[in-house]
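The values are calculated or read from the model by the stated rules, or taken from the named source; none is laboratory data. Keep in mind it's a predicted model, so treat the numbers as computed, not measured. Here the Cβ is made from the backbone with ideal geometry for all residues, glycine too, and neighbour counts use every protein chain on show. All accessible areas refer to the heavy atoms of the entire protein, side chains included, with ligands and DNA or RNA removed. Shrake-Rupley method; radii C 1.70, N 1.55, O 1.52, S 1.80 Å.
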Amino acid sequence: MDPGAILQVQLMLARWGRRYPNAVNPSDFGNTYDFTSTMTPRTVQAIQSFQLWWNRERPLRPLRMDGALDNDTMAAIKEAEQVAATYGQPYPM
């Protein structure tokens, strides 16, 4: 995967984690050492925590729950980011 795309996901996950601190794992995701442009174990954990959160919030549009960054997960992260930018927080139901 393109390192620029991974960095973009890391940045979006960090913002999501600040909006939903009880959902993100690791709980301190978003420190400068998390922005590596590579799929680190911390990034995989953050992706997995996003997937779990998404599936609770959007059960009719489930994502895989293994921390893999597939196209559906990438689209969902971007959607959550766009909704938060448009409507603020929390993610509207």
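Quick notes on this structure:
- Condition check for E57: touching a residue at least 24 places away in the same chain (Cβ under 8 Å) and under 15 Å from V9 (Cα atoms): no
- Test: D70 is open to solvent by less than 60 Å² (accessible area, probe 1.4 Å) and without any contact (Cβ under 8 Å) to a residue 12 or more places away in the chain: yes
- The residues of region 49-87 that are part of a helix (DSSP H, G or I) and of a type in the set (K, R), listed by number, are R56, K78.
- Selection count where residues are within 10 Å of the chain's Cα centre (by Cα) and not aromatic (F, W, Y), scope region 26-51: 8
- Summed over region 1-37, the residues that are touching a helix residue (DSSP H, G or I) at 6+ places or on another chain (Cβ under 8 Å), open to solvent by less than 70 Å² (accessible area, probe 1.4 Å) and of a type outside the set (D, E, K, R) give a count of 18.
- Taking first residues from region 1-22 that are among the polar types (S, T, N, Q) and partners that are open to solvent by less than 40 Å² (accessible area, probe 1.4 Å), the Cβ contacts under 8 Å between residues at least 6 apart in sequence or on separate chains come to Q10/D34; Q10/S37; Q10/T43; Q10/A46.
- Scan of region 38-67 for residues that are among the hydroxyl-bearing types (S, T, Y) and closer than 13 Å to Y20 by Cα, ordered by number: S49
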